[in-house]
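Engineer: Let me begin by handing over the structure; questions about it come next.
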Amino acid sequence: MKKKHHFLGLLVCLALLIFGCKSGKNQADNNSTAKESVKEKADDLPVYTKLLDPAEVDTTNETEENTPIWVMPKGDYNPEQTKKFNLFHTKLEVSFDWQKQYLNGIATLTIAPHFYAQDSVTLDAKGFAIGKIEMLQGKNSQVLSYTYDSRKLKIALGRKFAKNEKTDIKITYTAKPNELEVKGSEAITADKGLYFINPLNTDKHKPQQIWTQGETEANSCWFPTFDAPNIKTTQEMFITIDNAFVTLSNGKLISSKELGNGLRIDHWLQDKPHAPYLFMMAIGKYAIVKDKWRNLELSYYVEPQYQRYAKAIFGNTPEMMEFFSNILDYPYPWDKYAQVVVRDYVSGAMENTTASVFMEQLQVDNRYLLDDNWDYIIAHELFHQWFGDLVTAESWANLPLNEAFANYSEYLWYEYKYGKSEADDRWKDELSQYLSEAQSKQEPLIRYQYLDKEDMFDSHSYSKGGLVLHSLRKVVGDEAFFASLQLYLKKNQFQTSEIHKLRMAFEEVTGEDLNWFFNQWFLAAGHPDIAVTDSFANGEVILKVVQKQDERYTPIYKLPLYVDIWVGGKLERHHITISEKEQEFRFKAAKAPDLVYFDGETQLVGEIKHERSIEAYNFQYKNSTKYLARLEAIMRLQDQVNENEVVRNTVFTALNDEAWQIRQEAARALERYSGETDKGKYTQKLKEMAMNDSKSLVRAVAINALAALDKETNATYLQTMNDSSYTVLANSLYAYANTGGSEIQSKVEKFEKLDNFVIVKTLAEFYSYYNTEGKIDWFIGKMETRSGGELMYLLDYFATYAAEQNAEVQKIGANLLINKAKNDPSATARVSSYLALKKLEKVEGLQDILKQIRTNEKDKQALQYYEMLKE
């Protein structure tokens, strides 16, 4: 499972306290290079989905008892689910009622008591209409009695069955997912399991689809099962569907049988055991693009208009499979791998066995791919096929055994494919992600006392988990790290696992007791907060290290790491182990050091405060071979570009750095320069970068810096508007406007037909800022084709735009907003449409319309928000 992030405008900031919003990256958000607005807006803040009661929002740092805000309440102990039965095989026969959005199913489960004899079995089955339940006995069957409370189905077996005594239970049922109460989490915004998209084909901008999402325990919304991660079963699916659609499920497609009435039955077989939450279906009018790894079939399911881009989007998959198979010494364990993109997905992506599902944002064209790619999320889901699918966390408390590894696969892939600088840049972002969450929440990675299993899907399980694995790799070394992973997979293949199995695999390989590492990083909350000072006296460099974290809740860490010391331009590396609250280390040196760099391998998961001089940062940039050290130096020096010529020279040098991110930061630094000295030199260099840098995102930032540095450069942006990169184009439009370019409206209008969201967002902001007449149809057309975070952005700009238009235009806009406020499947979109509608004060009967929307709303969080608005 990959978390999904959206970035919303000001319109829904208050609503996000209740609804939040989720991640995949879209281009505008991830790159953060387009000038935010002609108005210098700074409102694009990431917010994770978390359905919060307003009473839960605490803005203080500590409680009255002096307890930090990040100390979380503990729930009851959440163990692995007790296994009364083993589930050997699951056979599902399904068909669909598109009108009612029902699934008609027959489930045949092959079960046997795990150890103790049993005379009844209880299954998870949420919101079903139960038809008949039978025990199959050869060609005969016996009808069984049952009790059902709409969530748990208890079936009387008629007699006691002994350990390993198998029986087949056949259940005829109808699943009604839209009649369930929907909940969600930070990673998965809804949990009804089965989703009908545009079921009646009434929305011309959206395809008809059916897809499923099982994690955590939502697959029992569409078939009866033991819905727990410690269950493993083989599976087969018989899907009856109209011939116009293609289907996808786990395993191999065994047959397609025509029924002669425009329908067919597709038979899918998954013959290796996996967890029930990994069962999947996806149905739609897809183009299927074939690929191959070794002799294994790969396929990419995309909407037909993206067929020509599918290999550009997913095309690194075969190389990823080869890389991961080699480093794990375990070839990809399943018999096919498919990747499918669905509409209105409730998460970023999901690692269903042999068939990963992705959000619609992955459907992009080649121009988008000039700026960025989706390798991170493709690698993440693929690595889950080993960590999560082959070996599955036995309980949600152990979720990092799935998600930490998938998260770290992103680092491993980028390190292999694009180099260590690219991987380390991801490390930096993951650390920032975790530390941001840690301001309000600090939990153990493995936590048995969560209040809700959905709470496990956070930046602890993902970001911190991946960072901790990287730290473990640094502690034991590469050879031991990968040998331990190989042993762990082979010992636990097709089984479940918990954290101590991972520890014991590492101990078996290394011969070392690693409880100290696992206890402090996996089983304790918090992180090191390190204060470092260095000095020189009597031929020694003196390094003082203080662990400042709150010992009431966070351990004093054992931290083996490196300190790099340059003396007379020469580097010496020293290995130290920090194990006390306060420690002092001394190193012989002939003279005062040029630089002391703490944590030379960048492996510490925590906060480091180590102040250095401007001279030291200049030296650090010029002498360190480490990407993160050079990047840190440039970022620290940015504030000095106006005061310090030496700093400007260092920044100017960094414009030619081999790492594009450092070139980008150096350009951002010059954006702050307000002096005249060497201005011509800087302007000329930025012009060259804007036109010719090999990385589009550097060209985009160079355009920003150039526009800030010299207002007489708008002719340059007429040239850069022809750049193939969407981000460069967007920044060129902003720069042209901000430097007084003429006929800006006609320049902007040339790009109205482009559908890339970076460009759509840019034009929406121009039209709302300049109050451009006659753009109501353009806004409506773009909003009709958008959902999720992209729709939120457009609603923001549209509300600003329409509020200044006449009553006739407002009426046209109101019709769209009323429809979305009443009917959009997303509660966040409905509330956001309502808020936008409130701004259209010239609409006749507006208050009655708003009242009707509130009255018709059924979602509890939406209703709660509307109540807040009254106060």
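The values are calculated or read from the model by the stated rules, or taken from the named source; none is laboratory data. From a predicted model like this one, the values you see are computed outputs, not experimental measurements. Neighbour counts run over all protein chains shown; Cβ positions are idealised from the backbone, glycine included. Keep in mind that these areas ignore ligands, DNA and RNA; they rest on the heavy atoms of the full protein, side chains included. Shrake-Rupley method; radii C 1.70, N 1.55, O 1.52, S 1.80 Å.
Engineer: For the stretch 575-634, please list each of the strands (runs of 3 or more DSSP E) lying entirely inside it that holds at least 2 residues being within 37 Å of the chain's Cα centre (by Cα) and farther than 19 Å from residue 536 by Cα. Walk me through it before giving the result.
Structural biologist: Working: elements: 582-588, 595-598, 607-609.
So the answer is 607-609.
Engineer: Could you give me the residue pairs with C-beta distances under 6 Å whose first residue belongs to the stretch 817-834 and is modelled with pLDDT under 90, whose second residue is small (Gly, Ala, Ser) and part of a helix (DSSP H, G or I) wherever it lies, and which are 6+ apart or on separate chains?
Structural biologist: 827/862
Engineer: Being open to solvent by 10 Å² or more (accessible area, probe 1.4 Å) and not basic (Lys, Arg) narrows it down to one residue among 413, 386, 427; which is it? Write out each step before concluding.
Structural biologist: On the way: 413 fails: open to solvent by 10 Å² or more (accessible area, probe 1.4 Å); 386 fails: open to solvent by 10 Å² or more (accessible area, probe 1.4 Å).
The unique qualifying residue is 427.
Engineer: Here is a follow-up. Residue 401 is checked against (1) over 26 Å from residue 74 (Cα atoms); (2) of a type in the set (A, V, I, L, M, F, W, C); (3) crowded, with 24+ Cβ neighbours inside 10 Å; (4) within 18 Å of the chain's Cα centre (by Cα) and fails just one. What number does that condition carry?
Structural biologist: So residue 401 meets the others, but not (1).
Engineer: Restricting attention to the stretch 666-699, and to residues there that are under 22 Å from residue 719 (Cβ atoms) and not in a helix (DSSP H, G or I), which single residue is least open to solvent (accessible area, probe 1.4 Å)?
Structural biologist: 693
Engineer: Within the group 216, 233, 240, which residue is of a type outside the set (Gly, Ala, Ser), touching a residue at least 60 places away in the same chain (Cβ under 8 Å) and under 19 Å from residue 104 (Cβ atoms)? Step through it out loud before you land on a result.
Structural biologist: Working: 216 fails: under 19 Å from residue 104 (Cβ atoms); 233 fails: under 19 Å from residue 104 (Cβ atoms).
Residue meeting the stated conditions: 240.
Engineer: Do we have residue 769 as aromatic (Phe, Trp, Tyr) and surrounded by fewer than 17 Cβ atoms within 10 Å (Cβ to Cβ) here? Steps first, please.
Structural biologist: Numbers: aromatic (Phe, Trp, Tyr): yes; surrounded by fewer than 17 Cβ atoms within 10 Å (Cβ to Cβ): yes.
The answer is yes for residue 769.
Engineer: Now, a different point. Between a residue in the stretch 794-807 that is at positive phi and any residue that is modelled with pLDDT of 90 or more and not hydrophobic (A, V, I, L, M, F, W, C), which pairs come within a Cβ distance under 8 Å, given they are 6 or more apart or on different chains?
Structural biologist: As it stands, the answer is none, since no pair meets every condition given.
Engineer: Oh, and also: Among the numbered conditions (1) touching a residue at least 24 places away in the same chain (Cβ under 8 Å); (2) open to solvent by 60 Å² or more (accessible area, probe 1.4 Å), tell me where residue 304 comes up short.
Structural biologist: Among (1) touching a residue at least 24 places away in the same chain (Cβ under 8 Å); (2) open to solvent by 60 Å² or more (accessible area, probe 1.4 Å), the lone unmet condition for residue 304 is (1).
Engineer: Mind telling me which of the residues 143, 121 ends up being in contact with a strand residue (DSSP E or B) (Cβ under 7 Å, 6 or more places away or on another chain) and either without any contact (Cβ under 8 Å) to a residue 12 or more places away in the chain or among the aromatic types (Phe, Trp, Tyr) (or both)? Walk me through how you get there before you give the answer.
Structural biologist: Values: 121 fails: either without any contact (Cβ under 8 Å) to a residue 12 or more places away in the chain or among the aromatic types (Phe, Trp, Tyr) (or both).
Residue meeting the stated conditions: 143.
Engineer: Also, I was wondering about something else. Could you name every one of the helices (runs of 4 or more DSSP H) located completely within the stretch 459-574 that has at least 2 residues being modelled with pLDDT of 95 or more and open to solvent by 50 Å² or more (accessible area, probe 1.4 Å)?
Structural biologist: Working: elements: 465-476, 478-492, 499-510, 515-521.
Output list reads 478-492, 499-510, 515-521.
One line per residue, one yes/no per condition, for (1) farther than 19 Å from residue 238 by Cα; (2) open to solvent by less than 70 Å² (accessible area, probe 1.4 Å):
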| position | (1), (2) |
| --- | --- |
| 106 | no, yes |
| 122 | yes, yes |
| 126 | yes, yes |
| 135 | yes, yes |
| 138 | yes, no |
| 147 | yes, no |
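Engineer: Right, another one. Among the residues of the stretch 459-475, are any in contact with a Gly (Cβ under 6 Å, 6 or more places away or on another chain) and touching a residue at least 60 places away in the same chain (Cβ under 8 Å)?
Structural biologist: For the stretch 459-475, residues in contact with a Gly (Cβ under 6 Å, 6 or more places away or on another chain) and touching a residue at least 60 places away in the same chain (Cβ under 8 Å): absent.
Engineer: Filter the stretch 709-729 for residues that are open to solvent by less than 50 Å² (accessible area, probe 1.4 Å) and touching a Lys or Arg at 6+ places or on another chain (Cβ under 8 Å) and give the result. Can you show your working first?
Structural biologist: First pass over the stretch 709-729, keeping only residues open to solvent by less than 50 Å² (accessible area, probe 1.4 Å): 709-710, 713-714, 716-717, 720-721, 723, 725-729.
Correct list: 709, 710, 713, 716, 720, 721, 723, 725, 726, 728.
Engineer: Tell me whether the stretch 757-764 contains one or more residues that are among the polar types (S, T, N, Q) and surrounded by fewer than 16 Cβ atoms within 10 Å (Cβ to Cβ).
Structural biologist: Kept after step one, since they are among the polar types (S, T, N, Q), are these residues of the stretch 757-764: 762.
Filter once more, so that each one left must be surrounded by fewer than 16 Cβ atoms within 10 Å (Cβ to Cβ): none.
No - not one qualifying residue is present in the stretch 757-764.
Engineer: Now for a different question. Looking at the stretch 278-311 only, could you name the residues that are over 30 Å from residue 227 (Cβ atoms), part of a strand (DSSP E or B) and charged (D, E, K, R)?
Structural biologist: 290, 291, 292
Engineer: For residues in the stretch 418-453 being of a type in the set (Asp, Glu) and within 15 Å of the chain's Cα centre (by Cα), which is nearest to residue 628 (Cα to Cα)? Spell out how you get there, then give the answer.
Structural biologist: Pass one, the stretch 418-453, residues of a type in the set (Asp, Glu): 422, 424-425, 429-430, 437, 443, 452.
Subsequent filtering for residues that are within 15 Å of the chain's Cα centre (by Cα) retains 429-430, 437.
Values: 429: 11, 430: 13, 437: 22 Å.
In this case the residue turns out to be 429.
Engineer: Restricting attention to the stretch 255-285, which residues are under 28 Å from residue 205 (Cα atoms), of a type outside the set (Gly, Ala, Ser) and within 24 Å of the chain's Cα centre (by Cα)?
Structural biologist: Within the stretch 255-285, 280, 281, 283 meet the criteria.
Engineer: Separate question: Mind listing whichever residues of the stretch 255-276 are in contact with a strand residue (DSSP E or B) (Cβ under 9 Å, 6 or more places away or on another chain) and either among the hydroxyl-bearing types (Ser, Thr, Tyr) or over 15 Å from residue 334 (Cα atoms) (or both)? Break it down stepwise before answering.
Structural biologist: To start, the set of residues in the stretch 255-276 that are in contact with a strand residue (DSSP E or B) (Cβ under 9 Å, 6 or more places away or on another chain) comprises 255-259, 262-276.
If the condition is that a residue be in contact with a strand residue (DSSP E or B) (Cβ under 9 Å, 6 or more places away or on another chain) and either among the hydroxyl-bearing types (Ser, Thr, Tyr) or over 15 Å from residue 334 (Cα atoms) (or both), then 255, 256, 257, 258, 259, 262, 263, 264, 265, 266, 267, 276 are the ones that fit.
Engineer: So which residues in the stretch 245-277 are assigned to a loop (DSSP other than H, G, I, E, B), crowded, with 19+ Cβ neighbours inside 10 Å and among the polar types (S, T, N, Q), if there are any at all?
Structural biologist: Passing the criteria: only 250.
Engineer: Counting only residues that are of a type outside the set (S, T, N, Q), closer than 15 Å to residue 128 by Cβ and either in contact with a Gly (Cβ under 9 Å, 6 or more places away or on another chain) or buried (at least 19 other Cβ atoms within 10 Å of the Cβ) (or both), how many does the stretch 157-180 have?
Structural biologist: Result for the stretch 157-180: 8.
Engineer: Please indicate, with yes or no, whether at least one residue in the stretch 228-244 is closer than 21 Å to residue 170 by Cα, basic (Lys, Arg) and surrounded by fewer than 22 Cβ atoms within 10 Å (Cβ to Cβ).
Structural biologist: Step one: filter the stretch 228-244 for residues closer than 21 Å to residue 170 by Cα, giving 228, 231-240.
Of the ones still in play, those that are also basic (Lys, Arg) are 232.
Those left that are additionally surrounded by fewer than 22 Cβ atoms within 10 Å (Cβ to Cβ): 232.
Yes, some residue in the stretch 228-244 is closer than 21 Å to residue 170 by Cα, basic (Lys, Arg) and surrounded by fewer than 22 Cβ atoms within 10 Å (Cβ to Cβ).
Engineer: Out of the stretch 426-475, which residues are of a type in the set (Gly, Ala, Ser) and under 19 Å from residue 601 (Cα atoms)?
Structural biologist: 432, 463, 465, 466, 471
Engineer: Right, here's the next one. Every residue in the stretch 635-661 that is among the small types (Gly, Ala, Ser) and in a helix (DSSP H, G or I), please. It would help to see each step written out before you state the result.
Structural biologist: Within the stretch 635-661, the first condition is being among the small types (Gly, Ala, Ser), and the residues that meet it are 654, 659.
The answer is 654, and nothing else.
Engineer: With respect to the numbered conditions (1) in contact with a helix residue (DSSP H, G or I) (Cβ under 9 Å, 6 or more places away or on another chain); (2) open to solvent by 60 Å² or more (accessible area, probe 1.4 Å); (3) small (Gly, Ala, Ser), which one is the sole condition not fulfilled by residue 590?
Structural biologist: Every condition holds for residue 590 apart from (1).
Engineer: Taking the condition crowded, with 18+ Cβ neighbours inside 10 Å and basic (Lys, Arg), does residue 154 pass? Write out each step before concluding.
Structural biologist: Working: crowded, with 18+ Cβ neighbours inside 10 Å: no; basic (Lys, Arg): yes.
So residue 154 fails the test.
Engineer: Given the stretch 805-871, what helices (runs of 4 or more DSSP H) lie entirely inside it while holding 1 or more residues that are in contact with a His (Cβ under 8 Å, 6 or more places away or on another chain) and open to solvent by 30 Å² or more (accessible area, probe 1.4 Å)? Don't jump to the end; show me each part of the working.
Structural biologist: Details: elements: 807-823, 827-838, 846-856, 860-870.
Counting at least 1 such residues, we get no helices (runs of 4 or more DSSP H) at all.
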